[in-house]
Amino acid sequence: MSGSASGETTDPFEVRKLYEYLRVVDVCDALDGIGYFDLTLMSPEIRPLWPGMKFWGVALTMRCVPANRPMWKLNTTEEIVDAHGIWFKEVGSIGPGDKLRPGHVIVTDTGGAGEVGCWGSANSMGMVAAGAVGIVTDGYVRDTAELALQKTPLCARMRGRTIIPGRIEVVEVEARIGCGGVQVRPGDIVGCDDDGVVVVPLEVAEEVAVHARAVLLSDMKARRELYGRLGKEPDSTVDCEAVEAYYRQFE
């Protein structure tokens, strides 16, 4: 949460609504325009797992560190199937819990851990079922074919094969973190599309949304004119009226 110039508190979940139609590039142009050059662009290595992914949400942060002890040998098939439960019972487990609200983006700092699929097809879908609109990690994810098939909104640096026990631990939720070379705080606005991931500090998120909307509409109108000249059938990317109608509710 952040205080505005008038002393009122900004609700990031209300600010998020201003980003509904915006592209990452519109927001980056707006950030440039107010002097935030490249400060909040996540590393281009952190990418959506499947084409066409898009989300905007409120950051819920998780800080992880590499484990400092190995997972012990398991003796039965049943224990191997329950490896996560056995590990978490021994070392403890921290997660978003009741902090997760509809509209959150879970941003995960893996602390430089090696190959470990801290997000996979089951636990990430559980976060979506609980209200998350996206997940971002600077580490590895696994079960990537299923993640793509499910259309789970997840951005990651790498694809991996291994599981959590003996490799990584969550040590803090809702703290200031670094992810993909940028600072992320609880309540910041986080978005992704095919062009990558950007973070918008909450203090400037409303102003950025206003400028980005103008950038988007200018581009849509210019491209729609070109569609007409080329005899191309209009599509949703040049539907200026839909965008303008949506934003009238905030005027």
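The values are calculated or read from the model by the stated rules, or taken from the named source; none is laboratory data. Quick caveat, the model's predicted, so the values are computed rather than measured. Reconstructed Cβ throughout: ideal geometry from the backbone, glycine too, with neighbour counts over all protein chains shown.
Look at VAL65 and say whether it is assigned to a strand (DSSP E or B), surrounded by fewer than 18 Cβ atoms within 10 Å (Cβ to Cβ) and aliphatic (A, V, I, L, M). So VAL65 fits the description; yes. Any idea how many residues of segment 18-35 are in a loop (DSSP other than H, G, I, E, B) and surrounded by fewer than 17 Cβ atoms within 10 Å (Cβ to Cβ)? The total comes to 3. Among the conditions (1) surrounded by 24 or more Cβ atoms within 10 Å (Cβ to Cβ); (2) over 14 Å from the mean Cα position of the chain (by Cα); (3) touching a residue at least 60 places away in the same chain (Cβ under 8 Å), the only one that VAL107 does not satisfy is (2). Each residue in segment 236-251 was checked for being over 17 Å from VAL210 (Cβ atoms) and part of a loop (DSSP other than H, G, I, E, B), and 1 of them qualify.
Confirm whether PRO102 is surrounded by fewer than 13 Cβ atoms within 10 Å (Cβ to Cβ), part of a loop (DSSP other than H, G, I, E, B) and either modelled with pLDDT of 95 or more or out of contact with any helix residue (DSSP H, G or I) (no Cβ under 7 Å at 6 or more places or on another chain) (or both). Yes: the conditions hold for PRO102.
For VAL210, indicate whether it is under 20 Å from CYS155 (Cα atoms) and either under 23 Å from the mean Cα position of the chain (by Cα) or outside the structural domain of VAL58 (by TED's automatic domain parsing) (or both). Before the answer, list the steps.
On the way: under 20 Å from CYS155 (Cα atoms): no; either under 23 Å from the mean Cα position of the chain (by Cα) or outside the structural domain of VAL58 (by TED's automatic domain parsing) (or both): yes.
Criteria not met by VAL210.
Give the residues of segment 227-251 that are out of contact with any Phe, Trp or Tyr (no Cβ under 9 Å at 6 or more places or on another chain) and within 20 Å of VAL25 (Cα to Cα), sorted by residue number. Talk me through it step by step, then tell me what you get.
We begin by selecting, within segment 227-251, every residue out of contact with any Phe, Trp or Tyr (no Cβ under 9 Å at 6 or more places or on another chain); these are 227-232, 236-237, 239-241, 244-245, 248-251.
Result: SER236, THR237, ASP239, CYS240, GLU244.
The set of residues from segment 55-77 being closer than 15 Å to CYS118 by Cα, within 16 Å of the chain's Cα centre (by Cα) and of a type in the set (Gly, Ala, Ser) is empty. Under the condition of being assigned to a helix (DSSP H, G or I) and over 21 Å from TYR19 (Cβ atoms), the residues counted in segment 217-235 number 8.
Only one entry of LEU39, LEU74 meets the criterion of being of a type in the set (A, V, I, L, M, F, W, C), surrounded by 12 or more Cβ atoms within 10 Å (Cβ to Cβ) and within 26 Å of HIS211 (Cα to Cα), and that entry is LEU39.
The set of residues in segment 141-189 being buried (at least 21 other Cβ atoms within 10 Å of the Cβ) and acidic (Asp, Glu) consists of ASP143, GLU169, ASP188.
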